[in-house]
Every structure is written in structure tokens, then in C-alpha cells.
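Student: Please find one structure pasted underneath; my questions will follow.
The values are calculated or read from the model by the stated rules, or taken from the named source; none is laboratory data. All values reported here derive from a predicted model rather than from experimental measurement. Cβ coordinates were reconstructed from backbone atoms using ideal geometry, including for glycine residues, and neighbour counts include every protein chain displayed.
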Amino acid sequence: MYLANMALHQAAYYLALIGGIVMVLLSLLGLLGHQYTLPFGSLLPGMMFGLGLLVPLILGIIAIVGAKHASELVWAIILIIIGVVGGGIGGLLVLLGGVLGLISKFA
């Protein structure tokens, strides 16, 4: 049982970390003027410059920092919210990391 819990914790950590890195990289590319597509959209539709790219950048940095604590209840909920608000493939990975962190907390 303990081994399965550690595996869930590691998976949550890596998903949140990779998702945060993807969010930061895509936001930086967008700020530099490169075109990219968000396959899953975002809660900030229609905002291509400025706030629409800064919010995922800041949320990605928070996700990278919080990935270490993905199995704690508060951080798991924060990662889930970041994943929903951030959107895109990075947000989806952060969301999955938060969900796995929540599962590892109660498993």
C-alpha cells in the first residue's frame, strides 16, 4: 500500500512539474510573438496579448514551485485550480497532477 502511495505522489509531482514548465514555455513563446495553438482552450478566451499570456506564465511558475507539495491537500487543490484556469496542454497536465496528488493523499 505504501509503495502505491509513493508512486502516485511521484506521478503527481512529475505531471505538475512538466505541466508548469509547458505553461511557462508556451507563455514565453506567445510573449515573443510566436503563434501556437491551445488545444484545450483557456478560461481567458480572446486575449492573445498582455494579460492572456501573463496569467499562464505566473500560474506555470506557481505550478513548478508547488509541484513538490502535490500530495498535500492545499497544494493539490491549488494545482487543480491552476490547471483549470491556465488551460492548454500544460494546464491539463497540472490538473492531472493535482488530481493524482489528491488521490495519493487519501489513498
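Student: What number of residues in region 85-95 are more than 8 Å from the chain's Cα centre (by Cα) and in a helix (DSSP H, G or I)?
Tutor: Going through region 85-95, the residues more than 8 Å from the chain's Cα centre (by Cα) turn out to be 85, 87-89.
Adding the requirement that they be in a helix (DSSP H, G or I) leaves 85, 88-89.
Number satisfying all stated conditions: 3.
Student: Follow-up. At pLDDT below 95, in a helix (DSSP H, G or I) and crowded, with 19+ Cβ neighbours inside 10 Å: is that true of SER71 in this structure?
Tutor: The answer is no for SER71.
Student: Follow-up. List, please: which pairs have Cβ atoms under 6 Å, are six or more places apart or on different chains, and start with a residue in region 1-20 that is assigned to a helix (DSSP H, G or I) and end with one that is at pLDDT below 90?
Tutor: Sorted first by the residue in region 1-20, then by its partner, the pairs are ASN5/ALA107.
Student: Scan region 90-106 for residues that are surrounded by 17 or more Cβ atoms within 10 Å (Cβ to Cβ) and among the β-branched types (Val, Ile, Thr) and jot them down.
Tutor: VAL94, VAL99
Student: Would it be correct to say that ILE82 is modelled with pLDDT of 95 or more and assigned to a helix (DSSP H, G or I)?
Tutor: Answer is yes for this residue.
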